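Here's the structure we're looking at; comments come further down.
Laboratory data are not the source of any read-out in this text; all were calculated from the coordinates shown. Bear in mind the structure is a predicted one, so any value in this text is a computation, not a measurement. Ideal geometry is used to build each Cβ from the backbone, glycine not excepted, and the neighbour counts take in all protein chains shown.
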Amino acid sequence: MPTILLIEDERTFAETLRYNLEREGYAVLIADDGVVGLELARREQPNLIVLDIMLPRLDGFSICRILRQESDIPIMMLTARYDEVDRIAGLELGADDYIGKPFSLGEFLARVRAILRRSERQPRQVDREVLAAGALKIDTSSRRAWRESSELTLPQKEFDLLTCLIRNQGIVLSRDLLLERVWGTDFAGDSRTVDVHIRWLREKIELDPARPRYIQTVRGVGYRFEAPEEQP
């Protein structure tokens with residue numbers, strides 16, 4: 001039974017889609033904000049993601065961009081902002097289809113079936129994930145990291161934090177979001193934990209930790225990862 005993940009913050013609308021998709025024989029998961037949706041997508045590996053653009057905490061474009069760096073799960077963008085600019089942006093980020101509200105239920109279900117048929121004809125490949133950024137390289141399967149040819153010694157949370165930052169290059173991530181993604185929702189500490197681990201990471205990956213080039217501080221918000229071209 002194919003599994004479909006709906007990332008949609010209009011609960012009544014999402015429940016209506018769930019009801020009709022389940023009548024078609026699909027298993028359906030629902031997330032009502034972007035962060036929860038991203039985590040569900042990573043954990044559950046659904047057969048299709050139906051993704052709204054306007055979401056709390058993390059928008060649909062960012063989710064699509066992040067997921068396309070990690071997997072080829074089919075994505076259907078779903079939004080009330082049905083104009084050409086949004087459509088092009090979503091497709092260029094790697095979305096497989098795009099449908100604008102309001103839409104007919106028949107058209108929506110037909111598009112779902114078409115995407116899943118295409119996906120079945122092209123089974124997904126499970127590859128070893130190696131992330132590269134500037135002089136840094138991370139092998140997530142073996143949990144090893146290098147700066148140029150030198151292997152880094154990273155404790156678990158530093159490794160997870162660096163992986164999260166590299167996967168989201170160019171995106172500003174708040175301290176609270178990093179805390180939730182790396183330490184989990186049950187962690188009892190506060191956002192200063194993130195600052196401390198960022199400082200430790202900078203000491204290991206930056207040429208000059210006092211003037212960081214990889215992990216940029218966005219004052220009052222959090223951090224953004226960039227991959228500069230380093231001089232030899």
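Given region 3-121, what whole percent of its Cα pairs are spread farther than 25 Å? The calculated P(r) of region 3-121 puts 11 percent of pairs beyond 25 Å.
Of the residues Met76, Met1, the one with the fewest other Cβ atoms within 10 Å heads the list, and the complete ranking is Met1, Met76.
Remark: the chain carries a charge dipole of roughly 340 debye about the Cα centre, counting +1 on each Lys and Arg Cβ and -1 on each Asp and Glu Cβ. If I fit a long axis through the Cα atoms of helix 11-23 and take the longest principal axis of the Cα atoms of the chain, what angle between them do I get, 0 to 90°, rounded to 10? Approximately 60 degrees, to the nearest ten. What is the sum of charges around Glu15, taking Lys and Arg as +1, Asp and Glu as -1, for the other residues whose C-beta is under 11 Å from the C-beta of Glu15? My count for the surroundings of Glu15 gives -2.
Round to the nearest 10 and give me the degree value, 0 to 90, for the angle of helix 34-44's Cα axis relative to the longest principal axis of the chain. Tilt of helix 34-44: around 90 degrees.
Note on Tyr214, Tyr98, Tyr19: ascending count of other Cβ atoms within 10 Å places them as Tyr19, Tyr98, Tyr214, the fewest first. Whole-percent P(r), region 130-225, all Cα pairs, 10 Å bins from 0: 16, 54, 28, 3. Residues Arg113, Arg211, ranked from the fewest to the most other C-beta atoms within 10 Å, line up as Arg211, Arg113. Using the alpha-carbon atoms, what tilt in degrees (0 to 90, nearest 10) does helix 192-205 show relative to the longest principal axis of the chain? With rounding to tens, the tilt is 60 degrees.
Return the tail of the calculated pair distribution for the chain, meaning the percent of Cα-Cα pairs more than 26 Å apart. Here the long-distance tail beyond 26 Å is 43 percent of all Cα pairs in the chain. With a simple spin-label model that places each label point 7 Å from the Cα along the Cα-to-Cβ direction, the separation between Ala132 and Ser104 comes to 4.9 nm. Sequence-distant contacts, meaning Cα pairs under 8 Å at least 6 residues apart, place the relative contact order of region 3-121 at 22 percent. Estimated from helical segments only, the mean residue ellipticity of the chain at 222 nm is -12000 deg cm²/dmol, where each DSSP H run of four or more residues counts as -39500 (n - 2.57).
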